[in-house]
Amino acid sequence: MAKNYASIYNSTNDSVALEQKIYIKEESSRGVIIPPTGADFIYALNGGSVNFTQPIESSPVKSSRHHTSIIKQKTTTNWTIPTFFQIDTALGAPSVAEIDPGMRVLWKSLMGKEDITGGSPVYTAETPPDITFSIFEIGDLWSKQAPGCFVDSGNATFPGDGQAQTEWAGMGKTALLVGVSKSITPNAANIVTVAATEGTRFPVGALVMVIKADGVTRSTDTPTGSPRTVTASTSSTVTLSGAVLTDSDGTGTPVYLVYYEPATAVAINDPQTGLVGSITIAGLASADCVRSASLNMTNNHEPQDFCFGEEGLGGRLFTPGGRFNAELTLELNLNHELVEFLNGLKDFVGENVTIILGDAAGRHVEVLVPKVQFPVPEISVPDTGTIPVTFTGLCYQTTLDAGDEVTVSFL
């Protein structure tokens, strides 16, 4: 059923969390918002959101014993998005269509290099990340539009008693909170007149569209894929970019000015949760039961929040100025073979670990860590049951400038 913006506007309910949708679109220029298409939608898990804050403090100027005014701090835009590994297992030959376009953007922003010469995407940290993207977090009564976003960390988990997933986290340039309003005026030139105070629902820079009286049909002024940008707004008027409005007359029947979103969302819904797969440790041939694995990758980017004249991030928004850290954690049961493995760790030669999620004979993801250095872990004995041993080590490149400490391949 099509989304009805007239019903949303007329509803007296509070916003419902279940209506949240996430779109991710790579930007052509850093920090310049770009509208998503329906194919840029991704299935996200609970807990994801874009968060915009601007702290304030009381002014330190002398003003007797009383607080008189405030000082504004820099704005901060952070975001987190947890996702499953969605893979189109119905595909025959390897293809970039194996994962969603939005997920390709996240992996490229995290790892840096995307190689598609083999058909499907392969990601390494061989080159520093240099892209940004726009996040559109869309609800029912509202939307958050966040340009200039980038991934700073991705934590991929592969539990034996849960669902494999990745939690993405990063920053953005800003976030615009956009709402829904109604107009009953002719709306000449490029100005849409809305009810009193509703113009404040549309901050400058937001992408919007005009919806006809039925709440579904898009005005020819803003067809799908072609939103308008808010260039100015007052309490009751919103000025839009582009050509003069010709199909936004609300005098006979109302029209609705709303946040932009694509007409139809399209995404892969084929989660690989870990019921099929394997984890291989080269130095432990008999590791027939790995309880869990996790790979926490962090870029340690330097956010450019130091630019004079900018409320938030400025300049190039971020610099990949810190080391790429990848930390692998494995949990196994103590047994004969693990005793040998534990004693072998004292040689510090580095371990080779391969994680396969999905059916290796079909479309799947492979995570290769060729050299992880595990320190000798502590062994705590529980009251009952098996004895789990947790290994946590840093991943290293195999040779100077190889950048191959982690390779994530969709095969």
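Things worth noting here:
- Among beta bridges that DSSP assigns inside the stretch 271-410, antiparallel share in %, nearest 5: 100 percent
- Three-way shape label, the stretch 271-410, alpha-carbon gyration tensor, a/c 1.5: prolate
- Look at where the Cα atoms of the stretch 49-113 and of the stretch 251-303 average out, and the two centres are 15 Å apart.
- The stretch 40-134 - percent relative contact order, Cα under 8 Å, separation 6 or more: 23 percent
- Dipole size of the chain about its Cα centre, with +1 on Lys/Arg Cβ and -1 on Asp/Glu Cβ: approximately 1640 debye, rounded to the nearest 20.
- Counting only aspartates and glutamates at least 8 places from residue 72 when in the same chain, those with an alpha carbon closer than 15 Å to its own are 57, 305, 310, 311.
- Answer label, with P(r) over Cα pairs in 10 Å bins from 0, in percent calculated from the coordinates and candidates (i) 4, 22, 32, 25, 12, 4, 0; (ii) 4, 19, 25, 22, 16, 9, 4, 1, 0; (iii) 5, 24, 35, 27, 8, 0: (ii)
- Cβ charges +1 (Lys, Arg) and -1 (Asp, Glu), total dipole of the stretch 52-154, debye: 820 debye
- Size of electric dipole in the stretch 271-410: Cβ of Lys, Arg +1 and of Asp, Glu -1, about Cα centre, debye, nearest 20: 160 debye
- Over the stretch 213-309, equivalent-ellipsoid semi-axes from the Cα gyration tensor in Å: 52, 24, 10
- Karplus-based coupling profile of the stretch 268-280, in residue order and whole Hz: 6, 10, 9, x, 9, 9, x, 6, 10, x, 7, 10, 10, with θ = phi - 60° in 6.51 cos²θ - 1.76 cosθ + 1.60 and x standing for Gly or Pro.
- Put simply, the amide H of residue 364, placed in the peptide plane, has neighbours under 5 Å in 411, leaving out anything fewer than 5 places away on its chain.
- When the C-alpha to C-alpha distance is required to be over 30 Å, the pairs from 21/74; 74/371; 108/346; 108/173; 144/212; 173/371 that qualify are 74/371; 108/346; 173/371.
- Put simply, when 337-348, 254-265 are sorted by average Cβ atoms within 10 angstrom per residue, most first, you get 254-265, 337-348.
- Helix 101-111 vs. the chain, principal-axis angle (Cα, 0 to 90°, nearest 10): 60 degrees
- Among residues other than residue 181 with Cβ under 15 Å from its Cβ, the summed charge is +2 (Lys and Arg +1, Asp and Glu -1).
- Relative contact order of the chain, defined on C-alpha pairs under 8 angstrom at six or more residues apart (%): 17 percent
- Length added when fully stretched, residue 247-residue 216, from 0.36 nm per residue minus Cα-Cα: 9.7 nm
- Note on the stretch 80-213: dipole from Cβ charges, positive end direction compared against 163, 117, 196; the farthest Cα belongs to 196.
Here, each number is a calculation from the coordinates, and none is a lab measurement. Just so it is clear, the structure is predicted and the values come from calculations on it, not from any experiment. When we count neighbours, we look across all protein chains shown, and the Cβ atoms used for this are built from the backbone with ideal geometry, even at glycine.
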